[in-house]
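Please treat every number below as a calculation from the coordinates, not as lab data. All values derive from a computational prediction rather than experimental measurement. Methodologically, a virtual Cβ is constructed for each residue, glycine included, from the backbone with ideal geometry; neighbour enumeration extends over all protein chains shown.
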Amino acid sequence: MAITLSASDVPSAPLSARLSPPQVWGIVLLVPYILVFLAFVVYPIGYGLWLARAPSNYVALYNDPIFARAAINTLIFLVIGINIKMLIALFLSGFFVEQRTWIKWLSVIFILPWAVPSIPTILSVRFMLNPEWGMVNHIIFSLTGDDGPNWLNDPTIALTMAIGVHVWKSLPFWTLILITGRLAISHDLFEAASVDGATWWQKFRYVTWPSMQTLYITCTLLSMIWTLGDFNSVYLLTGGGPADLTHVLSTLGIRYLRLDQLSLAMASIVCAMPFVLPLVYFMMKRLSR
Amino acid sequence: MKLPTLREAGKEAQLLLIGIPVFLWTMIPIYHMFLFAISPKEDAFSGKLWPDHPTLHNFEIVFREQHYFLRDFYVQFWNSTVIAAAVGALTLLVATAAAFSISRLRVPGGRVVMNLALFTYFIPAAFLAVPMYRTMATYGLLNNHWSLILAMVTIASPYAIWVLKQASDKLPVELDEAAVMDGATTLQIFRLVYVPLMMPSLVAIGTYAVLLAWNEYLYAFLLLSNDRDITLPVALGNFLAADDSPWELLMTTGFIYALPPAAVYYAFRRYMVGGLTAGAVKS
């Protein structure tokens, strides 16, 4: 508690002599976060990098077919999943700004996937896709008389379904953000465009898009970082299977960890850094302006 | 009443053509969960869209802990509650202090700390989980609730600090100056001026941290493993360990588990939407 004494009580301490009491308080109040940061961010990352330092780890990763597959899956997840999600969010943001009572109510319901925890809903989807007892194949059977596909046992379908679950979960959030973006556009612009006889596409192309493109691109990049860390959508739906063919980098790291291959787990994460760090740098520049 | 013109009706039909699929897409997984919760096992597994005999029997089994997977239901519910509350309180404490220090006291080096926090915010949590697990083992905290609480505070604080800093930058400097003129100490300014004015943001951030901790699966399942220590989501994941999982009970428990966060979200929606989405992406 010595540091909480006012500066003049501590004679011949050069640092506290230069600091006014508010600044001493400033340091005291910042200390809790700095401690958390040192103990649970700096130390783990430093330790992890230390574990991942041996080149042999990267050779082992390179020779592990599951790693190559996970890297490709991650790319597919990012490129396809995020673009589909953001395009739908952009489209739906236009739908939700329409002034209707029922749309207002729908927007309240629409938030649900984001407001409820992932585990029960993803497991719910998992059972829906069960080939024998799931609702989806029951419906397919009653409509066509044929057995439906064995959804989660086919790596392509399973990964597609995991992307679907990811979109289901995070679409409301991004739609909400893009709605705020749309509401910020001056209404006069649209009226002027209407007077000039612009079609809806021209209004979008020349009014909406120019004012929203920065927000849209920022959202896409931010979503990329977060989607890289989406563990639940893949792990809870497919568990990485069948035959470890649907892993993404975030589930693969945990898989190595569970197999007690900690340095491989860290090395697989380090491999993602060339993609993550530029994105992080860009986002930090945008947010700390 | 004036009949709608053909053009208006067409527009309405177009909107419905979007609205109905959106409604179905959103509700089907949640409805399916609810359906299982009110269905006896035979109905649930037969793919019916509505059970022949809807029942609350599943809830009774859960609340009476009458199944192998449910024997610690109340303890696990309590664990989830305590951990979420602790994460909310600690995050608020750490983040409010830091934001006040950086934004109002303009402490030297505050900008650097802010940037480091932002950096942490952008590291995908699943990537930090691997070294975090190892670190908690080093600290001897594995299977201790503190490991999950501290991990979640680490993950929640950066965003909390950033949102609170943005909000406090908007408070006029004159307030602090006037308080200093009246002879207020730094702590009095914090307690009597800063915290009351920041209430809406503090509610948003507290809710954010509580929900984040309540909903967390990955860290909880890595850091806690004893049946009586784990939180509800980990218990839900453990249902899958058996080949003949009682899915109707899993969905019932999941439904009970999903209710509190949904209720909290809707109760604080006003704060959440304003405080969080506006802060998430500054345009």
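In the stretch A:92-126, the qualifying residues are those that are in a helix (DSSP H, G or I) and of a type in the set (Lys, Arg), and the one that is surrounded by the fewest Cβ atoms within 10 Å (Cβ to Cβ) is A:Lys104. Of all residues in the stretch B:79-125, those being of a type in the set (Val, Ile, Thr), surrounded by 22 or more Cβ atoms within 10 Å (Cβ to Cβ) and farther than 27 Å from A:Leu19 by Cβ number 3. Against the definition (of a type outside the set (D, E, K, R), more than 14 Å from chain A (Cβ to nearest Cβ) and under 24 Å from the mean Cα position of the chain (by Cα)), how does B:Leu70 come out, yes or no? Yes: the conditions hold for B:Leu70. Within the stretch A:249-267, the set of residues being more than 9 Å from every other protein chain (Cβ to nearest Cβ) and touching a residue at least 12 places away in the same chain (Cβ under 8 Å) comprises A:Leu252, A:Arg255, A:Ser263, A:Leu264, A:Ala267. Can you find, within the stretch B:9-65, the residue that is nearest to the other protein chains (Cβ to nearest Cβ) among those that are of a type in the set (Phe, Trp, Tyr) and in contact (Cβ under 8 Å) with a residue 24 or more places away in the chain? So, considering only residues that are of a type in the set (Phe, Trp, Tyr) and in contact (Cβ under 8 Å) with a residue 24 or more places away in the chain, the one nearest to the other protein chains (Cβ to nearest Cβ) is B:Phe45.
In the stretch A:54-81, the residues that are touching a residue at least 24 places away in the same chain (Cβ under 8 Å) and under 17 Å from A:Gly164 (Cβ atoms) form Cβ pairs under 7 Å with partners that are part of a helix (DSSP H, G or I) and not hydrophobic (A, V, I, L, M, F, W, C), at six or more places apart or across chains, as follows: A:Phe77/A:Thr227; A:Leu78/A:Thr227; A:Gly81/A:His166; A:Gly81/A:Thr227. A residue that is buried (at least 16 other Cβ atoms within 10 Å of the Cβ), outside any helix (DSSP H, G or I) and of a type in the set (Phe, Trp, Tyr) occurs somewhere in the stretch B:258-275. Taken over the stretch B:78-96, the residue count meeting the criterion of being without any contact (Cβ under 8 Å) to a residue 12 or more places away in the chain and at the interface with another protein chain (Cβ under 8 Å from one of its Cβ atoms) is 1. Considering the stretch B:184-215, the residues that are in a helix (DSSP H, G or I) and without any contact (Cβ under 8 Å) to a residue 40 or more places away in the chain include one that is nearest to B:Ile149 (Cα to Cα), namely B:Met199.
In the stretch A:184-203 there is no residue that is within 13 Å of chain B (Cβ to nearest Cβ), surrounded by fewer than 21 Cβ atoms within 10 Å (Cβ to Cβ) and not hydrophobic (A, V, I, L, M, F, W, C).
Here A:Leu249 passes the criteria (1) among the aliphatic types (A, V, I, L, M); (2) at negative phi; (3) over 15 Å from the mean Cα position of the chain (by Cα) except the one numbered (3).
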